[in-house]
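The values are calculated or read from the model by the stated rules, or taken from the named source; none is laboratory data. Keep in mind that this is a model prediction, so the values were computed, not measured. Neighbour counts are summed over all protein chains in view; Cβ atoms, including those assigned to glycine, are modelled from backbone coordinates with ideal geometry.
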Amino acid sequence: MPYPAATVEFLDDKLEDDDDAAADAARAAYAELVVEATDSEPDPDELASKSAYEMAATVDFGLDAKQGLLDLRSENARMRLVTRLFRAAVKRLDFVERAQARARSNGKVHFG
């Protein structure tokens with residue numbers, strides 16, 4: 001054919017019980033990231049209904065991380081992965097804030 005073509009195969013998630021602890025940790029890490037990045041609290045009811053995909057869609061993790069989420073066939077595994085990604089993003093934001101504070105102070109320590 002003169003153009004790319006493919007056959008699409010839809011993949012289902014594994015049937016498993018929800019891991020409430022993993023979901024709670026992911027949502028808590030996401031809420032912390034939202035507060036850190038925007039200074040506003042996410043709506044608790046809206047947050048409680050979000051899937052790993054829905055939370056991850058609002059954050060730019062880069063293509064490799066997003067592909068990693070797409071490759072997982074378990075919502076519990078996706079929740080564990082986004083928890084790690086959200087926590088790493090919060091750490092990066094903290095680092096950026098410290099670097100900006102140091103840059104403003106020109107590396108000098110002020111006493112008093």
Open item on the list: Can you report the number of residues in region 55-93 which are outside any helix (DSSP H, G or I) and touching an Asp or Glu at 6+ places or on another chain (Cβ under 8 Å)?
Closed with: 2
TODO: Determine the pairs where a residue that is touching a residue at least 24 places away in the same chain (Cβ under 8 Å) and closer than 25 Å to residue 45 by Cα, located within region 9-24, has a partner that is surrounded by 12 or more Cβ atoms within 10 Å (Cβ to Cβ) and among the polar types (S, T, N, Q) with Cβ atoms under 6 Å apart, the partner being 6 or more residues away or on another chain.
DONE: 19/76; 22/76
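Here's a check for you: in region 59-83, which residue that is in contact (Cβ under 8 Å) with a residue 12 or more places away in the chain and of a type in the set (A, V, I, L, M) is farthest from residue 26 (Cα to Cα)? Even if it seems obvious, please write down each step before you answer.
Residues of region 59-83 in contact (Cβ under 8 Å) with a residue 12 or more places away in the chain: 59, 61, 65, 68-69, 73-76, 78-83.
Right, trim to of a type in the set (A, V, I, L, M) and you get 59, 65, 69, 79, 81-82.
Values: 59: 13, 65: 15, 69: 13, 79: 6, 81: 8, 82: 6 Å.
Only one residue fits best here, namely 65.
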Open item on the list: Given the condition touching a helix residue (DSSP H, G or I) at 6+ places or on another chain (Cβ under 8 Å), modelled with pLDDT under 95 and of a type in the set (A, V, I, L, M, F, W, C), answer yes or no: does some residue in region 73-88 qualify?
Closed with: no
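Only one of 31, 21 is modelled with pLDDT of 95 or more, within 14 Å of the chain's Cα centre (by Cα) and over 23 Å from residue 70 (Cβ atoms). Can you tell me which? Even if it seems obvious, please write down each step before you answer.
Numbers: 21 fails: within 14 Å of the chain's Cα centre (by Cα).
Checking each option against the conditions leaves just 31.
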